[in-house]
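What follows is one structure encoded as structure tokens, with my remarks underneath.
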Amino acid sequence: MKLAWTALAAVLMSGSALAQQGPPPGPPPGAGPAAAPGAPRREPPPLYVPEPGQPVENRAAAGTASGQTPAFPQQTRAPFVPSLVTFTVETVTEGLRFPWAMAILPDGRLLITERDGTMRIAHGAQLSPPVAGVPAVQVQEISGLDDVILDPNFAQNQRIYFTYVEKLAVGNTLAVARARLVDGPAPRLEDVKVIYRQEPNLKSEHGNFGARLLFDAQGMLFVTLGDLASDPLRPYIQQLDSGIGKIVRITTDGAPAPRGPFARRRGARPELYALGFRNPLGLAFRPGTNQLWATEVGPRGGDELNLIKPGANYGWPLISYGNEYRGGNVGEGPTKRGFEQPVYYWDPVISPSSLMFYTGEAFPAWKGNAFITSLSQQHLVRLVLEGNRVVGEERLLADRRERLRQVKQAPDGSLYVLTDGGAGKVLRLVPAARQVALSSAAGSP
């Protein structure tokens, strides 16, 4: 299925670049899967059509019962900025069950994880048999088999790294594993080894494991670790001897990366890089800088985009925008000396599930923009930044009414978008002009 359209046409007709109007769908903490089969169908709210320059959101805020206000202008509800980019949406791969992440192999195929413990290789519409050798996975509502990335030297060593929820004799944990991918008609993993585990090992009923992976230029591996969505575990989030609610930086063997910001702090885990997170699902470096950015699924009315600084504390659960899903304020409110403020937050929430910065040539107007997938509000966010401030927001693909799990830039500059749910698929955004040219070439003698 192929749909050609422009962002301007979407504003006037389809709403694909638009925010949604009406009450938020009310996802559970952590933005879990869609309703189970047989559950009453909730009709999505009508699409909101903002005028260019007007706030991208017009719904009553969900997290301002206590009179919360942004700490600085345009920290939320930035102006709607249509890019007027013409693109085509292609369905590349179908038949996925709760896909969670994808890695682009050197030949252009996609290595895809599915929450329930399956890993597959997609070559266009063709899916490989399940990759053999994947460890046993404990499915925890929104987590199971989670992220996957390639080693920076994958072409030489065929190594991959992936995260999954591991059941232990007592409790469970998020595990980071390394393996060698053996390709072929019956792909498999060999030399599987868990290199890192979130500690302490505790029992989480709902998820919020984080689980995102990212390599830096030095070959060190960043891992996001969620708060496990459990009130009794909240004290661990602010404790430096705990891996709960943190971002860590490790080597490819799982050892603490050298010269960590907490390495000399007595009692602190030396791999800690930053702390105070609820469920950080997006992680990316901003092009042309060494800045690390993250998106976080927060409380009701408190999803965040953060600039991650080594050693910084982002406040959860002591401060946050928004309210608890069960009602009431979070901690002491949205601000406090000594804690970082989000660069941007969403109220109502969008459940941001991945983050990337665009660097390609296929869409020149998007260069340098941040792209964020939304689960609960079912759109692809495009953010325009000036310095370290958001000055504009556009919402793409909203008319498709699909939960979006991950966005990745392809080598040719097109965008892959992974949808969530039991009928998951891979979409691809390509320039419409290129699609017309390809169609014309295909029809020529």
One residue from 424, 360 being over 20 Å from residue 57 (Cα atoms) and in contact with a Leu (Cβ under 6 Å, 6 or more places away or on another chain): 424
Selected residue (only one of 269, 249, 265 is modelled with pLDDT of 95 or more and within 17 Å of residue 163 (Cα to Cα)): 249
Conditions (1) in contact with a helix residue (DSSP H, G or I) (Cβ under 9 Å, 6 or more places away or on another chain); (2) among the aliphatic types (A, V, I, L, M); (3) under 24 Å from residue 57 (Cα atoms): number failed by residue 318: (3)
Test for residue 250: is it touching a helix residue (DSSP H, G or I) at 6+ places or on another chain (Cβ under 7 Å) and either surrounded by fewer than 22 Cβ atoms within 10 Å (Cβ to Cβ) or farther than 30 Å from residue 157 by Cβ (or both): no
Considering residues of the stretch 264-317 that are without any contact (Cβ under 8 Å) to a residue 40 or more places away in the chain and of a type in the set (A, V, I, L, M, F, W, C) only, the residue surrounded by the most Cβ atoms within 10 Å (Cβ to Cβ): 275
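So that you can scan it fast, the table gives a plain yes or no per residue for (1) crowded, with 23+ Cβ neighbours inside 10 Å; (2) within 23 Å of residue 230 (Cβ to Cβ):
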{"position": "322", "(1), (2)": "yes, yes"}
{"position": "333", "(1), (2)": "no, yes"}
{"position": "339", "(1), (2)": "no, yes"}
{"position": "343", "(1), (2)": "no, no"}
{"position": "348", "(1), (2)": "yes, no"}
{"position": "353", "(1), (2)": "yes, yes"}
{"position": "358", "(1), (2)": "no, no"}
{"position": "363", "(1), (2)": "no, no"}
{"position": "377", "(1), (2)": "yes, no"}
Residue in the stretch 231-242 that is in contact (Cβ under 8 Å) with a residue 40 or more places away in the chain, touching a strand residue (DSSP E or B) at 6+ places or on another chain (Cβ under 6 Å) and not small (Gly, Ala, Ser) present: no
So residue 163, is it at pLDDT below 95 and outside any loop (DSSP other than H, G, I, E, B): no
Candidate set: the stretch 78-135, residues that are touching a residue at least 24 places away in the same chain (Cβ under 8 Å) and basic (Lys, Arg); chosen: the one surrounded by the most Cβ atoms within 10 Å (Cβ to Cβ): 115
Residue in the stretch 361-374 that is more than 30 Å from residue 208 (Cα to Cα), modelled with pLDDT of 95 or more and touching a helix residue (DSSP H, G or I) at 6+ places or on another chain (Cβ under 8 Å) present: yes
Criterion: more than 19 Å from residue 278 (Cα to Cα) and without any contact (Cβ under 8 Å) to a residue 60 or more places away in the chain - qualifying residue of 155, 175: 155
Qualifying positions in the stretch 140-157 - of a type outside the set (Gly, Ala, Ser), assigned to a loop (DSSP other than H, G, I, E, B) and crowded, with 16+ Cβ neighbours inside 10 Å: 141, 142, 151, 152
Selected residue (criterion: nearest to the chain's Cα centre (by Cα)) from residues of the stretch 325-361 that are among the hydrophobic types (A, V, I, L, M, F, W, C) and assigned to a loop (DSSP other than H, G, I, E, B): 350
Residue that is touching a Lys or Arg at 6+ places or on another chain (Cβ under 8 Å) and either over 19 Å from residue 113 (Cα atoms) or surrounded by 18 or more Cβ atoms within 10 Å (Cβ to Cβ) (or both), where the choices are 175, 229: 175
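The values are calculated or read from the model by the stated rules, or taken from the named source; none is laboratory data. Because the structure is a prediction, the values reported are computed rather than measured. Positions of Cβ are generated from backbone atoms using ideal geometry, with glycine treated the same way; all protein chains shown enter the neighbour counts.
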